[in-house]
Amino acid sequence: MTNLTPGTGKCAVIGYGSWATAIVKVLSERGIEVRWYIRNPDVLESLRTTGRNCKYLRDVKFDISRLVLSDDINATVAEADTVVLAVPSAFLKVFLQPLEVPLRDKFVISAVKGIIPDEYQTVIDYVTQRYGLNEERTGIITGPSHAEEVGREGLSYLTAVCPDERRAHEFGAMFATDYIRLSYSTDMHGVEYAAIVKNIYAIAVGFAVGLGYGDNFLAVLISNCAMEMSNFLNHCFPGERNTRSSAYLGDLLVTCYSTYSRNRRLGLLIGHGCSVKSALNEMTMIAEGYYAADCIRHTHLGNHVSTPIADTVYEVLYHGASVREKMKELTSKLI
């Protein structure tokens with residue numbers, strides 16, 4: 001195993017959506033050599049000819065002389081020292097399927113806030129087990145950071161997470177700009193699961209808004225979401241953490257309140273009367289909370305931790321329960 005210093009040398013970014021595009025903008029402007037794997041031929045051609053992603057964050061203009069664009073994942077990863085995964089979790093296995101280049105000599109960063117649906121695994125658990133990675137060679141970049149605002153250089157706060165705090169600082173430096181502030185953590189499981197469950201809670205908030213509940217109720221609902229998330233993390237993954245910090249509470253708040261939130265929008269459509277199937281079809285981007293609701297229910301039933309809000313979302317999404325009735329039941333369980 002090489003003595004890898006993450007954040008140095010060449011970086012591969014896997015994905016071409018809004019968050020991947022924002023990450024490439026940040027890294028390339030930091031002077032890092034970015035190799036960008038893009039499966040979509042239209043996006044690849046658009047970037048090569050205009051310097052813009054024709055589907056996501058179209059206002060961001062790239063200096064393509066700083067980028068190595070490719071539709072060959074093996075060529076992209078082979079020359080990289082650091083690999084950033086920025087693909088919706090539902091598609092991550094498909095994106096990585098052609099990969100033959102070993103990852104075990106790379107430093108792999110997950111920028112994904114979701115679960116591998118049919119594996120019921122977090123991204124870090126999946127890549128460490130599937131590709132023989134030591135967890136010490138993985139990191140997470142997370143926080144309340146909608147890609148649209150990062151693309152416009154709105155002030156954002158990210159958290160770099162790694163079992164080795166020194167390495168968290170090293171790869172976190174890749175993302176430090178005038179408009180991105182960094183904090184650091186070693187709480188791999190807590191931070192990753194917080195980024196997963198907050199998507200479930202944003203769907204619940206969307207339910208409430210769609211059903212016409214007012215701001216007073218939303219404040220109570222979201223404060224209960226924060227308590228439920230904290231209880232879940234501390235029960236399932238005991239350890240030192242401050243769930244009021246931005247990687248936990250901040251990410252929860254922005255996902256619940258922001259009009260950019262895909263998960264809130266999914267809940268909103270269902271609250272307005274759409275069936276789950278039609279609401280999913282209406283979505284133009286993946287709502288990670290849909291898969292997260294099933295995963296949390298599937299993997300943590302034996303932990304005996306109370307999650308009435310997550311349970312409400314699961315019952316509506318997967319058992320066809322009435323959103324109006326389930327939300328009415330939930331109102332008696334909040335404090």
For this session: Taking only protein heavy atoms into account and a 1.4 Å probe, give the accessible area per residue of the chain in Å².
Result: 42
Problem set entry | Mean-position separation - Cα centroids, the range 125-175 and the range 14-91, in angstrom | 17
Seminar exercise, completed: Taking the chain and counting helices only, DSSP H stretches of n ≥ 4 at -39,500 (n - 2.57) each over all residues, the nearest-500 ellipticity at 222 nm comes to -14000 deg cm²/dmol
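Just to be sure I understand: of the beta bridges DSSP finds with both ends in the chain, what percent are antiparallel, rounded to 5?
Counting DSSP beta bridges with both partners in the chain, the antiparallel share is about 20 percent.
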Problem set entry | Per-residue ³J(HN,Hα) for the range 263-278, Karplus 6.51 cos²θ - 1.76 cosθ + 1.60, θ = phi - 60°, Hz, x for Gly and Pro | 5, 4, 5, 4, x, 4, 4, 5, x, 7, x, 5, 5, 4, 4, 5
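From largest to smallest, what semi-axes in whole angstrom does the range 32-136 give when each is the square root of 5 times an eigenvalue of its alpha carbon gyration tensor? Intermediate values should be presented prior to the final figure.
Values: eigenvalues 128, 51, 27 Å².
The three semi-axes for the range 32-136 are 25, 16, 12 Å.
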Exercise. Rounded to whole Å and sorted largest first, what semi-axes of the equivalent ellipsoid does the C-alpha gyration tensor of the range 158-269 yield via the square root of 5 times each eigenvalue?
Worked result: 28, 17, 10
Exercise. What is the spin-label model distance, in nm, from E165 to V94 if the labels are put 7 Å beyond Cα along the C-beta direction?
Worked result: 4.1
For this session: At q = 0.09, 0.13 Å⁻¹, what is the base-10 log of I(q)/I(0) for the chain according to the Debye formula with one equal point scatterer per Cα and no solvent? Please give it to two decimals.
Result: -0.45, -0.95
Exercise. Any idea how far the Cα center of the range 317-335 sits from the one of the range 255-273, in Å?
Worked result: 16
Seminar exercise, completed: Here FRET efficiency (C-beta to C-beta, S65 to T177, R₀ 25 Å, nearest 0.05) is 0.80
Seminar exercise, completed: Whole-number value, in Å³ per residue, for the convex hull of the alpha carbons of the range 85-222 is 137
Problem set entry | Segments 117-128, 94-105 sorted - mean Cβ within 10 Å per residue, highest first | 117-128, 94-105
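Please arrange H298, H304 by accessible surface area, largest first, computed with a 1.4 Å probe and ligands excluded. Don't jump to the answer; show the numbers that get you there.
Numbers: H298 110, H304 160 Å².
Order by accessible area, largest first: H304, H298.
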Exercise. What is the set of long-range amide H partners of Y157 at a cut-off below 5 Å, with H atoms built 1.01 Å from backbone N?
Worked result: R181
Problem set entry | Percentage, to the nearest whole number, of Cα pairs in the range 242-297 over 14 Å apart | 59
For this session: Kindly write out, for the range 200-212 in residue order, the coupling ³J(HN,Hα) from the Karplus curve 6.51 cos²θ - 1.76 cosθ + 1.60 (θ = phi - 60°), rounded to whole Hz, with x marking Gly and Pro.
Result: 5, 5, 5, 5, 4, 5, x, 3, 4, 5, x, 7, x
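Can you bin the range 281-324 into rounded, prolate or oblate? Criterion: square roots of the alpha carbon gyration tensor eigenvalues sorted a ≥ b ≥ c, rounded for a/c under 1.5, prolate for a/b above b/c, oblate for the rest. Please list the in-between numbers first.
Numbers: a/c = 2.68, a/b = 1.53, b/c = 1.75.
Here the range 281-324 falls in the oblate category.
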Seminar exercise, completed: Of S89, S110, S223, the most mobile residue in a GNM of the chain (C-alpha springs, cutoff 10 Å) is S223
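The values are calculated or read from the model by the stated rules, or taken from the named source; none is laboratory data. What you are looking at is a predicted structure, and each value in this text was computed from that prediction instead of being measured. Here the Cβ is made from the backbone with ideal geometry for all residues, glycine too, and neighbour counts use every protein chain on show. All accessible areas refer to the heavy atoms of the entire protein, side chains included, with ligands and DNA or RNA removed. Shrake-Rupley method; radii C 1.70, N 1.55, O 1.52, S 1.80 Å.
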